[in-house]
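Nothing in this text is a laboratory measurement; each read-out follows from the coordinates by a stated rule. None of these values were measured; they are calculated from a predicted model. Heads up, the Cβs are rebuilt from the backbone with ideal geometry, glycines too, and the neighbour counts pull from every protein chain shown.
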Amino acid sequence: MHVFATLTAALATLSLAACSHGLDKAPRPDRQTDPAADLQTAPRPVLKAMPQPDSGSNSGPTESPSPSTGPSLVRTPVEEAMFGQLLPGANVSFVYGGVGLGVPTAQVARLDAGVSFGRHIHTGDYHAVVIEGNFQHWEDGEPDQGPVMMAGSTFFQAGGVPHYDACLGPETCVVYVYFPVSADFEFVPAE
């Protein structure tokens, strides 16, 4: 229950921050690319989205259900969430969407303690909420690796900007990530 309360409070804070900074509007045109091009140039394997549940299933949807097209309520208890490996040390469960599909995506990422991801980019902007663990996220040029973010911490990352991530441990990090346009991932060499 503590994790749910933390996530709810963090999402409310993130939503208010996004509105006050104008982040609730569409991403800037100079940060968007053709989703079809994203699919063609993706340098890593595509992790497919979870299947759409039937009315009796508890699996997470690939699209937001609506009363006219599907169930009005879909629940996925954490023990039933379908996590798949995106990268070594990173497993994700999609709330909806998927990596490399060119659609809005929400995912829960579980990162192994001690794992770090080198310099990489995402085409589009994204928002994130740390649910569990000691997590760091930083961009090129920062004098250090940024603050250690714990449960309830939030961040926004502009698309196309090289950055890094690390789960410091000792426990697994769990991070909710929302891509309003599409989700992708590409390692980029240092300049």
Handout entry: Residue identified as more than 13 Å from the chain's Cα centre (by Cα), on the phi > 0 side of the Ramachandran plot, surrounded by 14 or more Cβ atoms within 10 Å (Cβ to Cβ) and not hydroxyl-bearing (Ser, Thr, Tyr) among 160, 141, 114
Key = 160
Completion exercise
Within the range 151-173, residues being out of contact with any helix residue (DSSP H, G or I) (no Cβ under 8 Å at 6 or more places or on another chain) and either part of a strand (DSSP E or B) or under 17 Å from residue 107 (Cβ atoms) (or both) number 9
Fill in the blank from the handout: For residue 143, the lone unmet condition from (1) part of a loop (DSSP other than H, G, I, E, B); (2) without any contact (Cβ under 8 Å) to a residue 24 or more places away in the chain; (3) closer than 21 Å to residue 182 by Cα is (3)
Handout entry: Filter result for the condition that a residue is buried (at least 20 other Cβ atoms within 10 Å of the Cβ), part of a strand (DSSP E or B) and on the phi < 0 side of the Ramachandran plot, over 181, 92, 177
Key = 92
